[in-house]
């Protein structure tokens, strides 16, 4: 059902954990499937210097969170805001149609974290 890249990010997720003193935090959930994602970002000079996540959900949700962190670490806030849900799914090499909503959560959580940061500054 899942390709090798999705399985790798699920079994060996990158950047997992909570962050002390984050610059911004974004949390989203899908009540239909029960997935919940929380993204923490550390911003310096308009660059995402560090990013971590906590995800409660299926393998696709965890893989989406993990790959998103790799996609945006080191990018400007503008570049990170341009990342779409489709970009996350594409970076994973695709997800089964029934699991596409999982990648939608990752980009949404990132955007909320950036908006939280912008609201703080």
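Filter segment 84-93 down to the residues that are over 10 Å from the mean Cα position of the chain (by Cα) and surrounded by fewer than 24 Cβ atoms within 10 Å (Cβ to Cβ) and list them by number. Step through it out loud before you land on a result.
Going through segment 84-93, the residues over 10 Å from the mean Cα position of the chain (by Cα) turn out to be 84, 86-87, 89-93.
Scanning segment 84-93 gives 84, 86, 87, 89, 90, 91, 93.
Mind counting the residues in segment 72-121 that are over 15 Å from residue 6 (Cα atoms), in a loop (DSSP other than H, G, I, E, B), modelled with pLDDT under 95 and in contact with a helix residue (DSSP H, G or I) (Cβ under 7 Å, 6 or more places away or on another chain)?
1
For segment 94-118, how many residues meet the condition of being loosely packed, with under 13 Cβ neighbours inside 10 Å and touching a residue at least 24 places away in the same chain (Cβ under 8 Å)?
Keep residues of segment 94-118 that are loosely packed, with under 13 Cβ neighbours inside 10 Å, which gives 96-98.
Now drop any that are not touching a residue at least 24 places away in the same chain (Cβ under 8 Å), which leaves 96.
Here the count works out to 1.
Given the options 40, 56, name the one that is modelled with pLDDT under 95, within 27 Å of residue 120 (Cβ to Cβ) and either in contact with a strand residue (DSSP E or B) (Cβ under 9 Å, 6 or more places away or on another chain) or surrounded by fewer than 23 Cβ atoms within 10 Å (Cβ to Cβ) (or both).
Working: 40 fails: modelled with pLDDT under 95.
Matching residue, one of 40, 56: 56.
Can you find a residue that is farther than 14 Å from residue 10 by Cα, assigned to a helix (DSSP H, G or I) and either in contact (Cβ under 8 Å) with a residue 24 or more places away in the chain or touching a helix residue (DSSP H, G or I) at 6+ places or on another chain (Cβ under 9 Å) (or both) anywhere in segment 57-71?
Let us first name the residues in segment 57-71 that are farther than 14 Å from residue 10 by Cα, namely 71.
Now narrow it down to the ones that are assigned to a helix (DSSP H, G or I): 71.
Then drop every residue that is not either in contact (Cβ under 8 Å) with a residue 24 or more places away in the chain or touching a helix residue (DSSP H, G or I) at 6+ places or on another chain (Cβ under 9 Å) (or both), which leaves 71.
Looking for residues that are farther than 14 Å from residue 10 by Cα, assigned to a helix (DSSP H, G or I) and either in contact (Cβ under 8 Å) with a residue 24 or more places away in the chain or touching a helix residue (DSSP H, G or I) at 6+ places or on another chain (Cβ under 9 Å) (or both), one finds at least one in segment 57-71, hence yes.
From the list 21, 15, which one is surrounded by fewer than 16 Cβ atoms within 10 Å (Cβ to Cβ), at pLDDT 95 or above and either touching a strand residue (DSSP E or B) at 6+ places or on another chain (Cβ under 8 Å) or over 13 Å from residue 109 (Cβ atoms) (or both)?
Working: 15 fails: surrounded by fewer than 16 Cβ atoms within 10 Å (Cβ to Cβ).
When all the criteria are applied, what remains is 21.
Restricting attention to segment 41-55, which residues are out of contact with any helix residue (DSSP H, G or I) (no Cβ under 7 Å at 6 or more places or on another chain), farther than 20 Å from residue 8 by Cβ and not in a loop (DSSP other than H, G, I, E, B)?
42, 44, 47, 49, 50
The values are calculated or read from the model by the stated rules, or taken from the named source; none is laboratory data. Quick caveat: nothing in here was measured; it's all calculated off a predicted structure. For neighbour counting, all protein chains shown are included, and Cβ atoms are generated from backbone atoms with ideal geometry for every residue, glycine included.
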